[in-house]
1. Ordered by packing density, taken as the mean number of other Cβ atoms within 10 Å over each peptide's residues, highest first, how do 125-131, 33-39 rank?
2. Once the piece of chain linking Ala165 and Thr225 is laid out straight, how much longer is it, given 0.36 nm per residue of separation minus the C-alpha distance between them?
3. On full extension of the chain, what length is gained from Ser147 through Asp47, given 0.36 nm per residue of separation minus the C-alpha to C-alpha distance?
4. Just to verify a number: FRET efficiency for Ala234 and Asn120, C-beta to C-beta distance, R0 = 45 Å, to 0.05?
5. Quick one: Cα centre-to-centre distance for the range 190-265 and the range 2-35, in angstrom?
6. Can you check what the Kirkwood hydrodynamic radius comes to for the range 194-275, Cα pairs only, in Å to one decimal?
7. Please find the FRET efficiency linking Glu12 to Asp191, where r is the Cβ-Cβ separation and R0 is fixed at 45 Å, and quote it to the nearest 0.05.
8. What is the extension gain from Asp200 to Gln282, computed as 0.36 nm multiplied by their sequence separation minus the C-alpha to C-alpha distance, in nm to one decimal?
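Throughout, read-outs are computed from the coordinates displayed, never taken from laboratory work. These numbers come from a predicted model, not from an experiment. Cβ coordinates were reconstructed from backbone atoms using ideal geometry, including for glycine residues, and neighbour counts include every protein chain displayed.
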Amino acid sequence: MQGQDWLAERFEQNRGHLRGVAFRMLGSLSEADDAVQEAWLRLSGSDADAIDNLGGWLTTVVSRVCLDMLRSRKSRREDSMEMQPGEPATMPEGRSDPEREAILADSVGVALLVVLDRLNPAERLAFVLHDLFGISFDEIAGILGRSAISARQLASRARRRVQGAPMMAAEETSGQHNLMNRFLAALRAGDVQGLVAVLDPEFVIHIDEASLQPGGQREVRGPETWAKQAVVFARGARFIEAVLVDGVPGALLAPYGRLMRVLRFTFAGEKIAEIEVIGEPQHLEKLELATMISEQARDSLRE
């Protein structure tokens, strides 16, 4: 009994790290907790005395469990799409606490969770373990059952998709990102005049059928007209993040990391001239989404 208590204590010391790895791998708190619990079950049924590096062993186990869950999820998703395409989930499934899930999603970044979800399971594992947690490619190769060179290539391919490539010069991209930040800050604050300040006088917004609110209009013209309507939904703006959409700065709405809407922007000088709101699932699948992660931001995502 004393040995089991000691093992449980050591496991609890690693639980936070394991949950962090699992959540970034799976994007779901309930599934992450399931993966961590499975690691405990495997540990409690193993010869712990033969484990030299308990933290490393647990990370490997959780990673393999997550990989199996991602592969199973991908298979189920493909089957579901073939049968009946549906609206992206707006709430996390299972027994997860929505508030805790929202806090975790915010800490990681909802845009990153959405982009990670578009990687295949092996790419996601290689990127998360190496780029976010600094695990060596030799260790990742052992988890994937591939060579270290293959693991490196998977992480590199994932990194290109996560970070994306702007379609315009860096200076122009920087200016548009600054404009996006001002737009999002005003939207979150419910600041009508702040929104009007970044919109072109001829501003127009187009909304597809899937994104249309009951009684809403498919097209709204005029910065003030739309800004007054937009601030009504300011509470939901906490889930909106800037992202590259087909190589151009845009935004997405993803409560708890579940993609619901993409906002594609057209710029005119230093103003936003047009917004296209996309919510139709098949259209969302075709969009190329990417987000940029600095080294400093990447370090902050590890724990």
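1. Ranked from most to least packed, the peptides come out as 125-131, 33-39.
2. Values: separation 60, 0.36 × 60 = 21.60 nm, distance 3.39 nm.
Gain on stretching Ala165 to Thr225: 18.2 nm.
3. Details: separation 100, 0.36 × 100 = 36.00 nm, distance 2.76 nm.
Fully extending the segment from Ser147 to Asp47 adds 33.2 nm.
4. Numbers: r = 36 Å, r/R0 = 0.80.
That gives a FRET efficiency of 0.80.
5. That distance is 38 Å.
6. Details: mean 1/r = 0.0748 Å⁻¹.
One over the average 1/r among Cα pairs gives 13.4 Å for the range 194-275.
7. On the way: r = 45 Å, r/R0 = 1.00.
About 0.50, to the nearest 0.05.
8. Working: separation 82, 0.36 × 82 = 29.52 nm, distance 2.99 nm.
Roughly 26.5 nm would be gained on extension.
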